[in-house]
Amino acid sequence: MKAAWLAAALLCTSATTAYAQSSVTLYGIVDSYLGVTHATGKGTAVSIDSAGYQQSRLGLRIVEDIGAGYHVNAVLENGFSLSQGSAADPTRAFSRQAWVGLSGPFGEVRAGRQNSPQYIMLARLDAFYGATYGSIINNSSSLGIRYDNSLSYISPSLYGFKVQGLVSLGGQASPHTGNNVYVAMIDYSRGPWYFGLNYAEQKSQNASFSIKSTFAAANYDYGHGRIYLSYYRGDNPGANAPANVRGVYASIYSLSGDWRITPDLAVGAGWGWIDVSGANAPRAWQASAIGTYALSKRTLLFSTLAYVSNSNGGVFSLGGAGPITRNVPLAGGSELGFQAGIRHTF
């Protein structure tokens, strides 16, 4: 892994020297936090974890200007655990993104391992940046984060509207649609308003059924902060087909807001609840608070306090941007969590 990153850095240097119209940028995020959680039947856990506000990562962004408003773009990005110094996925050289594409007046097309449009919209969902212990949707939804073998299209913005689409191919002969993923998103961002809607469908290996999820979000900048309203509906939470029950759906509702006390200091709070379809199905509600302070343009201090209460045998718990679930309560129990962390971007 060290050799691979050294080779990439050397490539970065040589590419910038040889081609004046090309640029290669090394970028990254380092994020670490102290987490304290207390869960019913499990007790108290204290840990230092990575990925509280955002996931830690290191990447290369490559752009070549080929004229007439067209560019060749590529991203190679690897995730890692800051608390352990280990790769997020040791089986991959670039676990987060590895794609190449072409952009121009028509928009942009990309091919390779990419972030899902659902993941791209995550930061718009609530006052918790779609992460931390505070985000009930991030903690409890079966969000499709990124996919292999993907082809995507991102439109240019037209009067504030933008559309995105992604297809991930399962790559098998029979049935040829098995393991395929389809994601579509439309959003609007203009002035103080943002609206977003996306839909994802992932076929099973034999293409006999699909895991489906829908996100909707709206937020408004009132001048000193934002108010957020978000909704999720999908197969009951679980990141893969075996963890889901066909015909059972979870709906998650979230209302939150923040207040910019100064340009650097902000506080926020939110409340949400989870309904799973069916009689006597699991239920939960969550209340959260967050505070952030920008030490500089690149360094942010953050702290959250969150409480989730389950009923009807629910085991919903708190997680970070990872997400990390250190302390899952017993069925029908509750969990209280506190975070204090720092995030630096470069």
Seminar exercise, completed: Filtering the range 67-97 for residues that are surrounded by fewer than 20 Cβ atoms within 10 Å (Cβ to Cβ), hydrophobic (A, V, I, L, M, F, W, C) and assigned to a strand (DSSP E or B) leaves a count of 3
Exercise. Would you pick out the residues in the range 46-66 that are touching a residue at least 40 places away in the same chain (Cβ under 8 Å), out of contact with any helix residue (DSSP H, G or I) (no Cβ under 8 Å at 6 or more places or on another chain) and surrounded by 14 or more Cβ atoms within 10 Å (Cβ to Cβ)?
Worked result: D49, S50, A51, G52, Y53, Q54, Q55, V63, E64, D65
Exercise. Do we have R113 as among the basic types (K, R) and within 17 Å of the chain's Cα centre (by Cα) here?
Worked result: yes
Problem set entry | R326 vs. criteria of a type in the set (D, E, K, R), crowded, with 20+ Cβ neighbours inside 10 Å and either within 20 Å of the chain's Cα centre (by Cα) or part of a strand (DSSP E or B) (or both) | no
Exercise. Do you know which residues across the range 45-79 are at pLDDT 95 or above, under 21 Å from the mean Cα position of the chain (by Cα) and of a type in the set (A, V, I, L, M, F, W, C)?
Worked result: L58, L60, A74, V75, L76
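So, in the range 245-275, of the ones that are in a strand (DSSP E or B) and of a type in the set (S, T, N, Q), which residue ends up nearest to G332 (Cα to Cα)? Give the derivation first.
Here is the first cut: in the range 245-275, the ones in a strand (DSSP E or B) are 249-260, 265-275.
Keeping just the survivors that are of a type in the set (S, T, N, Q) gives 251, 254, 256.
Values: S251: 18, S254: 21, S256: 25 Å.
Of everything passing the filter in the range 245-275, S251 is nearest to G332 (Cα to Cα).
Would you mind stating whether D126 is closer than 30 Å to S334 by Cβ and either touching a residue at least 12 places away in the same chain (Cβ under 8 Å) or aromatic (F, W, Y) (or both)?
On the way: closer than 30 Å to S334 by Cβ: yes; either touching a residue at least 12 places away in the same chain (Cβ under 8 Å) or aromatic (F, W, Y) (or both): yes.
Considered against the rule, which asks whether it is closer than 30 Å to S334 by Cβ and either touching a residue at least 12 places away in the same chain (Cβ under 8 Å) or aromatic (F, W, Y) (or both), D126 comes out as yes.
Can you say whether I145 is of a type in the set (A, V, I, L, M), loosely packed, with under 15 Cβ neighbours inside 10 Å, touching a residue at least 24 places away in the same chain (Cβ under 8 Å) and within 24 Å of Y232 (Cα to Cα), as far as the supplied structure shows?
In short, yes.
S296 - would you say it is modelled with pLDDT of 95 or more, of a type in the set (S, T, Y) and surrounded by fewer than 16 Cβ atoms within 10 Å (Cβ to Cβ)? Full working, then the answer.
Working: modelled with pLDDT of 95 or more: yes; of a type in the set (S, T, Y): yes; surrounded by fewer than 16 Cβ atoms within 10 Å (Cβ to Cβ): yes.
Criteria met by S296.
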Problem set entry | Residue list for the range 216-250, filter: surrounded by fewer than 16 Cβ atoms within 10 Å (Cβ to Cβ), modelled with pLDDT under 95 and in contact with a strand residue (DSSP E or B) (Cβ under 7 Å, 6 or more places away or on another chain) | V248
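Considering only residues that are in a strand (DSSP E or B), within 21 Å of G160 (Cα to Cα) and of a type in the set (S, T, Y), which ones fall in the range 186-236?
Going residue by residue through the range 186-236, those that are in a strand (DSSP E or B) are 186-190, 193-203, 210-221, 226-235.
Pick out the ones that are also within 21 Å of G160 (Cα to Cα) and you get 186-190, 193-199, 215-221, 226-230.
Answer for the range 186-236, where residues must be in a strand (DSSP E or B), within 21 Å of G160 (Cα to Cα) and of a type in the set (S, T, Y): Y188, S189, Y194, Y199, Y220, Y228, S230.
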For this session: For the range 139-151, state whether one or more residues are assigned to a helix (DSSP H, G or I), of a type outside the set (S, T, N, Q) and within 21 Å of Q339 (Cβ to Cβ).
Result: no
For this session: Specify the residue that is farthest from L34 (Cα to Cα); the eligible residues are those in the range 123-136 that are surrounded by 24 or more Cβ atoms within 10 Å (Cβ to Cβ) and hydrophobic (A, V, I, L, M, F, W, C).
Result: L125
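Given the condition within 18 Å of L255 (Cβ to Cβ) and in contact with a Pro (Cβ under 9 Å, 6 or more places away or on another chain), answer yes or no: does some residue in the range 163-171 qualify? Give the steps one after another, and end with the answer.
First, the residues of the range 163-171 that are within 18 Å of L255 (Cβ to Cβ): none.
No: zero hits.
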For this session: Taking V163 as meeting all but one of (1) touching a residue at least 60 places away in the same chain (Cβ under 8 Å); (2) hydrophobic (A, V, I, L, M, F, W, C); (3) surrounded by fewer than 20 Cβ atoms within 10 Å (Cβ to Cβ), write down the number of the exception.
Result: (1)
For this session: Quick one: count up the residues across the range 292-320 that are under 22 Å from K42 (Cα atoms), in a loop (DSSP other than H, G, I, E, B) and of a type in the set (G, A, S).
Result: 5
Exercise. When the residues of the range 275-293 are filtered to those that are aliphatic (A, V, I, L, M) and at pLDDT 95 or above, which remaining residue is surrounded by the fewest Cβ atoms within 10 Å (Cβ to Cβ)?
Worked result: A287
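The values are calculated or read from the model by the stated rules, or taken from the named source; none is laboratory data. Because the structure is a prediction, the values reported are computed rather than measured. We place every Cβ from the backbone using ideal geometry, glycine too, and count neighbours over all the protein chains shown.
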